[in-house]
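Undergrad: The structure under discussion is supplied below as structure tokens; questions concerning it will follow.
The values are calculated or read from the model by the stated rules, or taken from the named source; none is laboratory data. Because the structure is a prediction, the values reported are computed rather than measured. Neighbour counts run over all protein chains shown; Cβ positions are idealised from the backbone, glycine included. The accessibility values were calculated without ligands, DNA or RNA, using every heavy atom of the protein model including side chains. Shrake-Rupley method; radii C 1.70, N 1.55, O 1.52, S 1.80 Å.
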Amino acid sequence: MKSIASLVLLCTAAAMFATEPNDATKRWWLHILALANDGLEGRDTGSEGYRKAERYVTAEFEKAGLKPAGEKGYAQPVALHEVRLQTAESSVELVRPDGLTKLEWLRQISVPARLGLPETLDADLVFLGDGPAPGATAIDAHGKMVVQLPGRRPTTPIPGIAGTIAIDTTTGPEPPHWPVPYAVSMTLAETPQRQPSNAAPSFRFNPAVAEELFRGSGHTFEGLQKLAAENKPLPQFAMPTKLHATMKLTTADLTSDNIIAVLPGSDPKLADEYVVVSAHLDGYGIGEPRNGDKIYNGAFDDAAYVATLIEFAQKLHESGTKLRRSLLFLVVTGEEKGLLGSRYFALHPTIAKDKLVADINLDQLRPLFPLKTLTCVGLGESDLGQTVRRMGATMDIRIQPDPEPERRLIQRSDNYSLMQIAVPAVGFVFGYTPGSPEEAIYRRWYAERYHSPADDINQPWDPPAAAKFNEFFAKVVEAVSNADEKPKWKPGSQFAHADVR
């Protein structure tokens, strides 16, 4: 007899597939439901929800005939160190001569958690525009908190300050979300970062309440923003306000596993070369509620593409397809905490790194509209780009380089860790024509769902687009695995001789 939870998942899948996509896409979606339902509580790094997801992935890899390639079976344990701001035991307020305004941690103000944050902070606020003014009339910022407009950071360091309060932007391709989930930082336990830092704290501030910072100063946030937008000089002034904060920090040591499996190659000469296919399993877990929902499920970031790896392994197993090179399935932890799992693998590969010939990474993909264009991260760095273009042409998919390099997408996913040890790598993003309805859908997803509880199993998506991408991914992997020559870096690539430290 099926459990109630299983029946709920199957009913949800049936409702989603009123248009009858192919069986592979139905099965792919069932894997997403298994990994991104509320029972896994967002799969935060090192959590019980993550361990449940790990057991699921491991079992599916085993059923697909993949061989364990971790340090303990399929698992590669990653030791981590956590620093967390306990917001319920901390306080923050703006203090003025006429009273005080209590602020809400994570909803109106936040600070990156790290060792060395002061237990208490009591400092006047000043506004310095684009930096300290020259001459004797300069505002004294020593020992004070410097308030900064969105995108307007001082061009030179300001010595002796108590810290900064940076008001978040509301524009750009990825506007920051409020509330933020939590104030947590993680590092690899082996990384020597446990000594407290004496750097001044840098607070983030919610622009929706930024006028409160300037109350009583003779200036307004709106007025200063207008001056900045018109490229006019910004004033400098002391503010009749203090920031008073108490910050309770806790630390913890934890372990979270990478999952590593191998499909052995069939060619005696090429089987000891490995094509890595990677995705991250972790999400944001349980955090500050948004619209009453506190579970950050991470359905398309990145449960969906762990599901793609599972489905690909199952299809190879069922079809009996033999690939000349071996495949290394790498499902990593801690991506959302700073690419920690993939960095650990790069430092401690379970397969000799000179045997790793390519990485095709799955993240940053959002199947929200028909697939006509794919942005390929790393397209011009190696001749993997030529394979990607060739496979795209067979499926009427236009392949383009990253049109927004300022977002640094190449450095923000696990492909970067592999590139840091000179493994040619690519990643993908659903592309669009600028100004098109597809761009509007893409931007809206980032504004409303990215790294939020709304990235869940109830969101709209395009099943044919997902199916088309999964087919494209399989073609790319098979082409790289069966090619006579392994991928090579392009002349002049900054990654050709990289070696992670």
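Undergrad: Which condition number in (1) under 18 Å from Ala466 (Cα atoms); (2) modelled with pLDDT under 95 is the one that Lys372 fails?
TA: (2)
Undergrad: So is Val184 closer than 19 Å to Ala245 by Cα and open to solvent by less than 40 Å² (accessible area, probe 1.4 Å) or not?
TA: Numbers: closer than 19 Å to Ala245 by Cα: yes; open to solvent by less than 40 Å² (accessible area, probe 1.4 Å): yes.
Yes: the conditions hold for Val184.
Undergrad: For the subset of segment 145-196 comprising residues that are among the basic types (Lys, Arg) and in contact (Cβ under 8 Å) with a residue 24 or more places away in the chain, which member is nearest to Glu104 (Cα to Cα)?
TA: Kept after step one, since they are among the basic types (Lys, Arg), are these residues of segment 145-196: 152-153, 194.
Subset that is in contact (Cβ under 8 Å) with a residue 24 or more places away in the chain: 152, 194.
Numbers: Arg152: 24, Arg194: 28 Å.
Checking each candidate, the answer is Arg152.
Undergrad: Go through segment 264-286 and report how many residues are within 20 Å of His348 (Cα to Cα) and either open to solvent by 10 Å² or more (accessible area, probe 1.4 Å) or more than 16 Å from the chain's Cα centre (by Cα) (or both).
TA: Start the filter on segment 264-286 by keeping residues that are within 20 Å of His348 (Cα to Cα), which leaves 272-282.
Next, from what is left, pick out any that are either open to solvent by 10 Å² or more (accessible area, probe 1.4 Å) or more than 16 Å from the chain's Cα centre (by Cα) (or both): 272-277.
Count: 6.
Undergrad: Let me ask something else about it. Can you name every residue in segment 47-80 that is open to solvent by less than 20 Å² (accessible area, probe 1.4 Å) and closer than 21 Å to Tyr182 by Cα?
TA: Start the filter on segment 47-80 by keeping residues that are open to solvent by less than 20 Å² (accessible area, probe 1.4 Å), which leaves 49-50, 53, 57, 60-61, 64, 66, 69, 75-76, 78, 80.
Within segment 47-80, Gly49, Tyr50, Leu80 meet the criteria.
Undergrad: Sticking with this one: Quick one: which of Ala238, Ala313 is surrounded by fewer than 24 Cβ atoms within 10 Å (Cβ to Cβ) and closer than 29 Å to Leu117 by Cβ?
TA: Details: Ala313 fails: closer than 29 Å to Leu117 by Cβ.
On inspection, the qualifying residue turns out to be Ala238.
Undergrad: Right, next: Among the strands (runs of 3 or more DSSP E) lying completely within segment 200-317, list those that include at least 1 residues that are under 27 Å from Val480 (Cα atoms) and in contact with an Asp or Glu (Cβ under 9 Å, 6 or more places away or on another chain).
TA: Numbers: elements: 202-205, 237-246, 249-263, 274-280, 285-290, 293-296.
Filter on segment 200-317 gives 249-263, 274-280.
Undergrad: Now a separate question. If we keep just the residues of segment 98-110 that are at pLDDT 95 or above and assigned to a loop (DSSP other than H, G, I, E, B), which is most open to solvent (accessible area, probe 1.4 Å)?
TA: It comes out as Glu104.
Undergrad: Checking Thr171 against (1) open to solvent by less than 30 Å² (accessible area, probe 1.4 Å); (2) more than 24 Å from Leu340 (Cα to Cα), only one condition comes out false. Which one?
TA: (1)
Undergrad: In addition: Taking segment 358-392 only, how many residues are out of contact with any strand residue (DSSP E or B) (no Cβ under 8 Å at 6 or more places or on another chain) and not in a loop (DSSP other than H, G, I, E, B)?
TA: 4
Undergrad: Exactly one of (1) open to solvent by 60 Å² or more (accessible area, probe 1.4 Å); (2) in contact with a Phe, Trp or Tyr (Cβ under 9 Å, 6 or more places away or on another chain); (3) modelled with pLDDT under 90 is unmet by Glu190. Its number?
TA: Going through the list (1) open to solvent by 60 Å² or more (accessible area, probe 1.4 Å); (2) in contact with a Phe, Trp or Tyr (Cβ under 9 Å, 6 or more places away or on another chain); (3) modelled with pLDDT under 90, Glu190 breaks only (3).
Undergrad: Next question, about the same structure. Cβ-Cβ below 9 Å, separation at least six or inter-chain, first residue in segment 430-448 and polar (S, T, N, Q), second open to solvent by 90 Å² or more (accessible area, probe 1.4 Å): which pairs?
TA: Filtered contacts from segment 430-448: Thr433/Lys372.
Per-residue answers, yes or no, for (1) small (Gly, Ala, Ser); (2) open to solvent by less than 20 Å² (accessible area, probe 1.4 Å); (3) closer than 30 Å to Thr191 by Cα; (4) part of a loop (DSSP other than H, G, I, E, B):
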| residue | (1), (2), (3), (4) |
| --- | --- |
| Pro112 | no, no, yes, yes |
| Leu115 | no, no, yes, yes |
| Asp124 | no, no, no, no |
| Asp130 | no, no, no, yes |
| Asp140 | no, no, no, yes |
| Val146 | no, yes, no, no |
| Pro154 | no, no, no, yes |
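Undergrad: Also, quick follow-up: Got at least one residue in segment 249-260 being of a type in the set (Val, Ile, Thr) and in contact with a Pro (Cβ under 8 Å, 6 or more places away or on another chain)? Even if it seems obvious, please write down each step before you answer.
TA: Restricting attention to segment 249-260, the residues satisfying the condition of being of a type in the set (Val, Ile, Thr) are 250-251, 255, 259-260.
Filter once more, so that each one left must be in contact with a Pro (Cβ under 8 Å, 6 or more places away or on another chain): 255, 260.
Among the residues of segment 249-260, at least one is of a type in the set (Val, Ile, Thr) and in contact with a Pro (Cβ under 8 Å, 6 or more places away or on another chain), which makes the answer yes.
Undergrad: Still on this model: Name the residue that is most open to solvent (accessible area, probe 1.4 Å), counting only residues in segment 473-489 that are more than 10 Å from Arg324 (Cα to Cα) and among the charged types (D, E, K, R).
TA: Selected residue: Glu485.
Undergrad: I'd like the full set of residues that are closer than 18 Å to Asn470 by Cβ, of a type in the set (Val, Ile, Thr), out of contact with any Ser or Thr (no Cβ under 6 Å at 6 or more places or on another chain) and surrounded by 15 or more Cβ atoms within 10 Å (Cβ to Cβ), limited to segment 391-443.
TA: Residues satisfying the conditions are Ile397, Ile399, Val426.
Undergrad: Which numbered condition in (1) in a helix (DSSP H, G or I); (2) farther than 14 Å from Ile360 by Cα; (3) in contact (Cβ under 8 Å) with a residue 12 or more places away in the chain; (4) hydrophobic (A, V, I, L, M, F, W, C) is the only one that Ala454 fails?
TA: (1)
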